[in-house]
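Quick notes on the structure that follows.
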Amino acid sequence: MRKAVLTLAFLLSVVMVLLYSIHSGDGAASRGKTGQNYRMKSLLGENSSESYQTGTPYKIAIDPGHGGKDHGATGASGNFEKDFTLQVARKVEELAKQEQLIEVYLTRSDDRFISSIDRERPEIANQLGADLFISIHGNTYEDPGVSGTETYYYYEDSQFLAETMQKHVVQTSGFRDRGVKKEDFFVLKDTNMPAVLIEMGYLTNPHEENEMLTEDFQYRMASSILEGMKEALNLN
């Protein structure tokens, strides 16, 4: 009898250890992703030297911030953030058509309002089964002298993507590097894939806004985003 009790106790302890292991993970593991992790070795810090071999393109969700009645920031010249973000996102989509292993999907392709209350943006990416989610924004501050680029992430499996995107965008723009930061924005918390939010520059800074609203700058930013994605996915 005593032996049976000890055996039962041992089995229960094994079950408890297994359950703890399953639920104690952070980042990608804690979000219950299925079928994507084998494609994301470089993002998880394993520095895989193997490119994606099946020939199936990566699905990238590009999220132009704001839209419709949600204007976002109002720039120094009176222009709206929602228009800037859509212009850059469309250029990312255009440039990505030249890449065989990248397919870009926009959360909005026109001046459409997307409800934050309903968490529509991350849900679009989740339903798509996207491999990456990149939200594009322009920053704002009451002091027009504040400037620079910053990139946000939330889960651990998104940090490498955030650092990579920040590096490429800053190198291309020449704007002040405000760094990579962790923040619990819902578009970063509710996505089932590595996700970042890029504040490309301050629209309330007259000098930065003047550059950000030009076609040349937007194409260069779109190219830097594409290069960041390729590096993160080990496609270079």
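The values are calculated or read from the model by the stated rules, or taken from the named source; none is laboratory data. Not measured: the values here are computed from a predicted model. Positions of Cβ are backbone-derived with ideal geometry, glycine not excepted, and every protein chain shown enters the neighbour counts. Calculation scope for accessible area: heavy atoms of the full protein, side chains included, ligands and nucleic acids excluded. Shrake-Rupley method; radii C 1.70, N 1.55, O 1.52, S 1.80 Å.
Key figures for this structure:
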item: Residue within region 59-79 that is within 26 Å of D157 (Cα to Cα), modelled with pLDDT of 95 or more, open to solvent by 50 Å² or more (accessible area, probe 1.4 Å) and in contact with an Asp or Glu (Cβ under 6 Å, 6 or more places away or on another chain) present; result: yes
item: So V170, is it among the β-branched types (V, I, T), in contact with a strand residue (DSSP E or B) (Cβ under 6 Å, 6 or more places away or on another chain) and not in a strand (DSSP E or B); result: yes
item: Single unsatisfied condition, E208 versus (1) assigned to a helix (DSSP H, G or I); (2) surrounded by fewer than 22 Cβ atoms within 10 Å (Cβ to Cβ); (3) out of contact with any helix residue (DSSP H, G or I) (no Cβ under 6 Å at 6 or more places or on another chain); result: (2)
item: Selection from region 151-167 of residues that are of a type outside the set (A, V, I, L, M), in a helix (DSSP H, G or I) and open to solvent by less than 30 Å² (accessible area, probe 1.4 Å); result: D157, S158, T164, Q166
item: Some residue of region 219-235 being touching a residue at least 60 places away in the same chain (Cβ under 8 Å), touching a His at 6+ places or on another chain (Cβ under 8 Å), of a type in the set (D, E, K, R) and under 24 Å from P122 (Cα atoms); result: yes
item: Strands (runs of 3 or more DSSP E) completely within region 49-139 that count 3 or more residues being in contact (Cβ under 8 Å) with a residue 12 or more places away in the chain and within 21 Å of M212 (Cα to Cα); result: 58-64, 132-139
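Okay, residues lined up against (1) within 14 Å of the chain's Cα centre (by Cα); (2) within 17 Å of V92 (Cα to Cα); (3) free of Cβ contacts under 8 Å to residues at least 12 places away in the same chain:
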| site | (1), (2), (3) |
| --- | --- |
| Q166 | yes, yes, no |
| V169 | yes, yes, no |
| E183 | yes, no, no |
| Y202 | no, no, no |
